1. Aspartates and glutamates within cross-link reach of Lys87: Cα-Cα under 19 Å, excluding same-chain residues under 8 positions apart?
2. Taking the Kirkwood radius as the inverse of the mean 1/r across Cα pairs, report the Rg/Rh of segment 35-125.
3. Could you check how much of the accessible area of segment 35-125 is carbon and sulfur, as a whole percent, using a 1.4 Å probe?
4. State to the nearest 20 debye the size of the charge dipole of segment 35-125 about its Cα centre, where the only charges are +1 on K and R beta carbons and -1 on D and E beta carbons.
5. Could you sort Leu164, Leu153 by accessible area so the largest value comes first, with the probe set to 1.4 Å?
6. Determine the share of segment 128-184's accessible area contributed by carbon and sulfur atoms, expressed in whole percent, with a 1.4 angstrom probe.
7. Can you spot the lysines whose alpha carbon is less than 29 Å from Lys107's alpha carbon? Ignore those fewer than 8 places along the same chain.
8. Excluding ligands, DNA and RNA, what is the solvent-accessible area per residue of segment 35-125 at a probe of 1.4 Å, expressed in Å²?
Amino acid sequence: MKNVTDSFLSLGYWPSAGSFGFNTDILATNPINLSVVLGVLIFFGKGVLSDLLDNRKQRILKTIRNSEELREGALDQLEKARARLRKVETEADQFRMTGYSEIEREKFNLINSTYKTLEQLENYKNETIHFEQQRAINQVRQRIFQQALQGALGTLNSCLNNELHLRTISTNIGMFGMVKEITD
């Protein structure tokens, strides 16, 4: 141990650079010093290094597990989103088909309603025309009847004298009497 301590102490007393030569002092050479330093580091640092590597390994494994869990969660969410998308697309297709059939049904109902309305308007038109024709015919009949009556009264007044007038009244009274006896 004294030699090791002396070698460390002698490091502070380097000779000034002067010549190049072969160093036979085994303790003063670098490979031995390095192996001793490495041995001490390995002996004392093995536990620390092992703990650091184990901690690093555990963090890496934990990160991988978390990543796998996140990946599984993302895959589940993706599958749920795809299922919702399929459901929404199916509903959209149903709404589209329902909408098309509803449009066709409404179109058919509108056409039928329009046809019925046109039919009713045609009937109203025909009834109005028929009513106006009947009214015109009745007006013409009334005028013809009035003219015929005026003509008949004019003819009767011009042709009728008192004697003919009395005979006509007597005949009519006789006919009413016979009708009364038949009905009794």
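The values are calculated or read from the model by the stated rules, or taken from the named source; none is laboratory data. Since this is a predicted model, take the numbers as computed values, not measurements. Backbone-built Cβ (ideal geometry, glycine too); neighbour counts: all protein chains shown. Heavy atoms of the whole protein, side chains included, go into the accessibility calculation; ligands, DNA and RNA do not. Shrake-Rupley method; radii C 1.70, N 1.55, O 1.52, S 1.80 Å.
1. Asp76, Glu79
2. Ratio value, two decimals: 1.82.
3. Of the solvent-accessible surface of segment 35-125, carbon and sulfur hold 63 percent.
4. With only Lys, Arg, Asp and Glu charged at Cβ, the dipole is about 500 debye.
5. Solvent-accessible surface, decreasing: Leu153, Leu164.
6. The computed percentage sits at 61.
7. Candidates past the 8-residue exclusion: Lys116, Lys125.
8. Value returned for segment 35-125: 93 Å² of accessible area per residue.
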